[in-house]
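K.L.:
Okay, here's the structure, questions in a sec.
The values are calculated or read from the model by the stated rules, or taken from the named source; none is laboratory data. Just so it is clear, the structure is predicted and the values come from calculations on it, not from any experiment. A quick note on method: Cβ atoms are made from the backbone with ideal geometry, for glycine too, and the neighbour counts reach across all protein chains shown.
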Amino acid sequence: MEGNPENGRCVVRRTAVIVALAVIGCGGSPRRSETVQGRPAPISSPEQIAGERVFMKNCNQCHPLGEGGLGPPINNKPFPAVMLDAKVRTGLGGDMPSFSEKDISPKELDQLVAYLEALRSNHP
C-alpha cells in the first residue's frame, strides 16, 4: 500500500513525535511548584468543554488534571497538536495505551487537544 496517503501521514507523525521527544525530553518527576491542582483550567469554548469530557473519561485516571500520577505530567509539555494526536493513537512506548478511532473519534481527539492546550496555558 505504498500509495496510501495515510501511511505517509503516520510516518510523518511518528517522526515528529520522536524528534520532539528527543528535543524536549519527557523524563523527570513533576515539580510540585508547577501544579495546576486547585486551579481550574481556562475552559472557554464548547470544543474545550467537550475535550474535558473526553479527558476525564480516558486520561484523567493516569494524568489527574494533567499532573503526574500513573503517567507523567502532561500539563507542562509544549507538544504540538500533531504530537498529541500521535501519542494518543499509538501510545508510543511506555505504559500508555493506544486509543483507536473507535475509542476516541477524530472529532473527540481534536476536542481533547483543545482541552490539553487550555490546560497547559494555565500552567506556570
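K.L.:
Is one or more of the residues making up the stretch 61-73 under 24 Å from Pro106 (Cβ atoms), at pLDDT 75 or above and in contact with a helix residue (DSSP H, G or I) (Cβ under 9 Å, 6 or more places away or on another chain)?
P.N.:
Residues of the stretch 61-73 under 24 Å from Pro106 (Cβ atoms): 61-63, 66, 71.
Within this subset, residues satisfying the condition of being at pLDDT 75 or above are 61-63, 66, 71.
Narrowing the set further to residues that are in contact with a helix residue (DSSP H, G or I) (Cβ under 9 Å, 6 or more places away or on another chain) leaves 63, 66.
Yes: one or more hits.
K.L.:
Looking at the stretch 27-39, can you tell me whether even one residue there is at pLDDT 90 or above and surrounded by fewer than 11 Cβ atoms within 10 Å (Cβ to Cβ)?
P.N.:
Keep residues of the stretch 27-39 that are at pLDDT 90 or above, which gives none.
No; the residues of the stretch 27-39 include none that is at pLDDT 90 or above and surrounded by fewer than 11 Cβ atoms within 10 Å (Cβ to Cβ).
K.L.:
Scanning the stretch 75-113 for residues that are touching a residue at least 60 places away in the same chain (Cβ under 8 Å) and among the β-branched types (Val, Ile, Thr), which turns out surrounded by the most Cβ atoms within 10 Å (Cβ to Cβ)?
P.N.:
Ranking the candidates gives Val113 first.
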